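The values are calculated or read from the model by the stated rules, or taken from the named source; none is laboratory data. Because the structure is a prediction, the values reported are computed rather than measured. Quick reminder, even Gly has a Cβ in these numbers, built from the backbone with ideal geometry, and neighbours come from all protein chains shown.
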Amino acid sequence: MLRYRHWLTESPRTRRRLSSLALSALLALFASGCVDLGHEPVTVMQGQLMTGPGVVFAERGELWAGTFELATTFEEDGHFEIPVSGDGLWGFHAYLEGYIYLPIQVDIGRGLPTTVTQPVVDWEQLCDGFGRCNWVEQSTNAAILTPEVDDDPTDNPVISNPHVVRAAPGIFQVSLDVFDPNGDLSNQILVHHIASGIASQLNPPGPIVDGDRPNGTYTGTVLIPEDRPQGGPWQFLAADHQCSNSQILEVLPE
Ligand SMILES: [Ca+2]
């Protein structure tokens, strides 16, 4: 209050000078970037799959070496959009029942919508080299993402008994039984809370041998920030090292 009175009783000339100093200081703060304007730019990974429905997971960091943190479902139209929590490298993973999952490394720009694109491949040449030609014909538009049809599901992971239990506000215990017929489970034993977009990897029930996760009951703890929705269904899936994935199961918390 004293300071305020002092300001009012200064001469007009002094007030103008003080006002000018205050403006300069404010401009300097803006220029140095240390003023939080409260408008954090929205950084989005978005794109278009040739079909749906399914789920896209966003892995923070280098593809297959990062952390699965976020996810979103998509419908028959194949469009997806995930607001990600930082720029830089993210792994994109699309899972559709009946298809081999599609992984792509994406470099996300800060405050920008980054569209995921798929390198256009000469499939005929690739097929000749690998002796397999069962790929879906890919669009010449790199922005139409095209996963491969899974024509041999006999070696796919099989999941059952998905459980979600709310242990405390914002804290959920999850578990899932996973079985892979040829024992090549990857680290992608995944859970997704649909309403909040939060995703997580589950922990294996035993040792990892040569990169292969064991069959058994996987468990985990998922934290949902209090400013995000807490209710509604959860999704589970598993994938192996050949990019085969399980069915996608959906459950409500117990
Ligand atoms: Ca397998």
For segment 138-161, name all the residues that are buried (at least 18 other Cβ atoms within 10 Å of the Cβ) and either within 16 Å of the ligand (Cβ to nearest atom) or more than 24 Å from TRP64 (Cα to Cα) (or both).
ASP150, ASN156, PRO157, ILE159
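Restricting to segment 206-254, what's the tally of residues that are more than 16 Å from the ligand (Cβ to nearest atom) and not acidic (Asp, Glu)? Step through it out loud before you land on a result.
Residues of segment 206-254 more than 16 Å from the ligand (Cβ to nearest atom): 206-207, 217, 219-236, 248-254.
Subsequent filtering for residues that are not acidic (Asp, Glu) retains 206-207, 217, 219-225, 228-236, 248-249, 251-253.
Result for segment 206-254: 24.
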Residues that are over 26 Å from THR72 (Cα atoms) and of a type in the set (A, V, I, L, M, F, W, C), drawn from segment 191-216
ILE208, VAL209
Does segment 45-86 hold any residues that are out of contact with any Gly (no Cβ under 9 Å at 6 or more places or on another chain) and either within 21 Å of PRO119 (Cβ to Cβ) or of a type in the set (A, V, I, L, M, F, W, C) (or both), and which are they?
MET45, GLN46, VAL55, VAL84
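Does ASP87 satisfy the condition of being among the acidic types (Asp, Glu) and at pLDDT below 95? Spell out the reasoning first.
Details: among the acidic types (Asp, Glu): yes; at pLDDT below 95: yes.
Against the criterion (among the acidic types (Asp, Glu) and at pLDDT below 95), ASP87 qualifies.
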